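A short worksheet on the structure shown next.
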Amino acid sequence: MAFDYVLERELAFNETDMAGIAHFSNFFRWMEIAEHAFLKSLGMEPVVQERDQFWGWPRVRASCEYHSPLRFGDRFEVHLFVKEIKQKSVVYFFRVRKREADGSYTAVARAEMTSVYAGFDVPSRSMAALDLQADLLAKIEEAPAELMKAARNQGRA
């Protein structure tokens, strides 16, 4: 069973602000990209449509704490961890680290996001949280406590 996923990237110029560092809003995009890649790595689609109905993962909470900047061309990783599995949602923890020239890593940010499994009916314009599917629950598990502790402590003084 899976409890983590690593997305590796290089900071593109269009992701920087006027100071030449990663704009804060991109961290939330990268979290979503990592979540979708994680689900796809498990054979699950992040959004499914059948006729007038959709199933997907709307976010109900997201936060990010920044520690050091990323600059154009920096190589970095967004490491997703399954922090908590609930009846209708998954809480993810993210660790963002920059890869240095010597192969070491520098803490950039820590973040959390809660995604609820939900269905949306187009004709009635109604959305409802749904219980997590058995096939997903058979493929994921919460990250081990010691791993979560180490990931959470990254970047703290």
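The values are calculated or read from the model by the stated rules, or taken from the named source; none is laboratory data. Just so it is clear, the model here is predicted, and its values are computed rather than measured. Backbone-built Cβ (ideal geometry, glycine too); neighbour counts: all protein chains shown.
Looking at the stretch 35-50, which of its residues are surrounded by fewer than 15 Cβ atoms within 10 Å (Cβ to Cβ), part of a loop (DSSP other than H, G, I, E, B) and either within 11 Å of the chain's Cα centre (by Cα) or free of Cβ contacts under 8 Å to residues at least 60 places away in the same chain (or both)?
Correct list: Glu45, Val47.
From the list Phe81, Phe72, Phe94, Phe76, pick out the single residue that is over 28 Å from Met18 (Cα atoms) and either at pLDDT 95 or above or more than 17 Å from the chain's Cα centre (by Cα) (or both).
On the way: Phe72 fails: over 28 Å from Met18 (Cα atoms); Phe94 fails: over 28 Å from Met18 (Cα atoms); Phe76 fails: over 28 Å from Met18 (Cα atoms).
Every option except Phe81 fails the conditions.
Of all residues in the stretch 10-34, which are of a type in the set (D, E, K, R) and in contact with a strand residue (DSSP E or B) (Cβ under 6 Å, 6 or more places away or on another chain)? If you could, list the steps in order and put the result at the bottom.
Kept after step one, since they are of a type in the set (D, E, K, R), are these residues of the stretch 10-34: 10, 15, 17, 29, 32.
Within the stretch 10-34, Glu10, Glu15 meet the criteria.
Identify the residue in the stretch 51-72 that is touching a strand residue (DSSP E or B) at 6+ places or on another chain (Cβ under 6 Å), in contact (Cβ under 8 Å) with a residue 60 or more places away in the chain and part of a strand (DSSP E or B) and, among all such residues, is nearest to Met113 (Cα to Cα).
Taking the candidates together, the pick is Glu65.
From the list Tyr5, Tyr92, Tyr117, Tyr105, which one is in contact (Cβ under 8 Å) with a residue 24 or more places away in the chain and farther than 24 Å from Leu136 by Cβ?
Values: Tyr5 fails: farther than 24 Å from Leu136 by Cβ; Tyr92 fails: farther than 24 Å from Leu136 by Cβ; Tyr117 fails: farther than 24 Å from Leu136 by Cβ.
Unique residue meeting the criteria: Tyr105.
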